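Below you'll find the structure, written out as structure tokens, and then a few comments.
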Amino acid sequence: MNRKFTARALPLQSQIVVTRPLSDDELNAHKWVSESPAINSKNVYFYYRMLPEKRLMLGGRADFKGTPAGAKETTSELHKSIGRLWPEWRDVEIEYDWRGFVCFTSQLRPSIGRMPDDLSIYFGFGYHGNGVNNATWSGREIARWLAGSNDKSNPLPTHLPKLVQGIILKFPIPSLRPMYAKAGVAWHHLKDKLDF
């Protein structure tokens, strides 16, 4: 990794569980009729969808340990969450689970541009768990910028929304990023409980 990007990202783990295929009776118990992805409105949220083979896929925040035991605990918690959200499915078996890192930034926004002090470096990162669509979109927009720009000295992709333009600020005292993550998640859990 280029050292110019040091301390500009905060990795957080996300975890996904997938159930066994559900029967039509089980789907009807919760009047489930859509394969469209959904997300709840909490700050520390779940995202879910019904896969084509009628398996429920649910994702959420993973542990901070990064260990196999932590993954097992999180899988168990996500399984319990399925039972709280859809009581009729509380005993449906989990057949698959996995986890990985998502990239948060200090300004809670994606970052697309060129390094101001080295214009040979183009970048796009910080998708906050929406990397599949945002990384694809960012890559396409950076390619358009490269292909269409007559002004190769321009450090910002002016055709993109201002929100995503330019390099993200570094986290202060980068060694404390794990603490920032824990404090941020705890704060948002509290806000969810108090609903403000």
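The values are calculated or read from the model by the stated rules, or taken from the named source; none is laboratory data. Here the structure is a predicted model, which means the values were calculated and not measured. Cβ coordinates were reconstructed from backbone atoms using ideal geometry, including for glycine residues, and neighbour counts include every protein chain displayed.
At-a-glance table
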| item | result |
| --- | --- |
| Tally, over segment 113-135, of residues that are farther than 17 Å from Gly166 by Cβ, surrounded by 11 or more Cβ atoms within 10 Å (Cβ to Cβ) and polar (S, T, N, Q) | 1 |
| All positions within segment 7-44 that are of a type in the set (Ser, Thr, Tyr) and crowded, with 16+ Cβ neighbours inside 10 Å | Ser14, Thr19 |
| Selected residue [assigned to a loop (DSSP other than H, G, I, E, B) and touching a strand residue (DSSP E or B) at 6+ places or on another chain (Cβ under 9 Å)] from Gly139, Gly129, Gly113, Gly124 | Gly129 |
| The listed residue being outside the structural domain of Asp117 (by TED's automatic domain parsing) and assigned to a loop (DSSP other than H, G, I, E, B), out of Lys42, Lys4 | Lys42 |
| Odd one out for Arg144, checked against (1) loosely packed, with under 14 Cβ neighbours inside 10 Å; (2) part of a strand (DSSP E or B) | (2) |
| Val17 being in contact (Cβ under 8 Å) with a residue 12 or more places away in the chain, closer than 28 Å to Lys191 by Cα, of a type in the set (A, V, I, L, M) and part of a strand (DSSP E or B) | yes |
| Filter result for Val185 (in contact (Cβ under 8 Å) with a residue 12 or more places away in the chain, closer than 22 Å to Asn40 by Cβ and assigned by TED's automatic domain parsing to the domain that holds Leu56) | no |
| Search result, residues across segment 100-113 that are in contact with a Gly (Cβ under 9 Å, 6 or more places away or on another chain) and either free of Cβ contacts under 8 Å to residues at least 12 places away in the same chain or not hydroxyl-bearing (Ser, Thr, Tyr) (or both) | Val102, Cys103, Phe104, Gln107, Leu108, Arg109, Pro110, Ile112, Gly113 |
| Qualifying position, being over 18 Å from the mean Cα position of the chain (by Cα), closer than 28 Å to Lys191 by Cα and at pLDDT 95 or above, among Leu56, Leu22, Leu85 | Leu56 |
| Whichever residue in segment 1-29 is of a type outside the set (Gly, Ala, Ser) and touching a helix residue (DSSP H, G or I) at 6+ places or on another chain (Cβ under 6 Å) and, among such residues, is farthest from Leu85 (Cα to Cα) | Leu10 |
| Test: Val132 is over 25 Å from Pro174 (Cβ atoms) and in the same structural domain as Pro157 (by TED's automatic domain parsing) | yes |
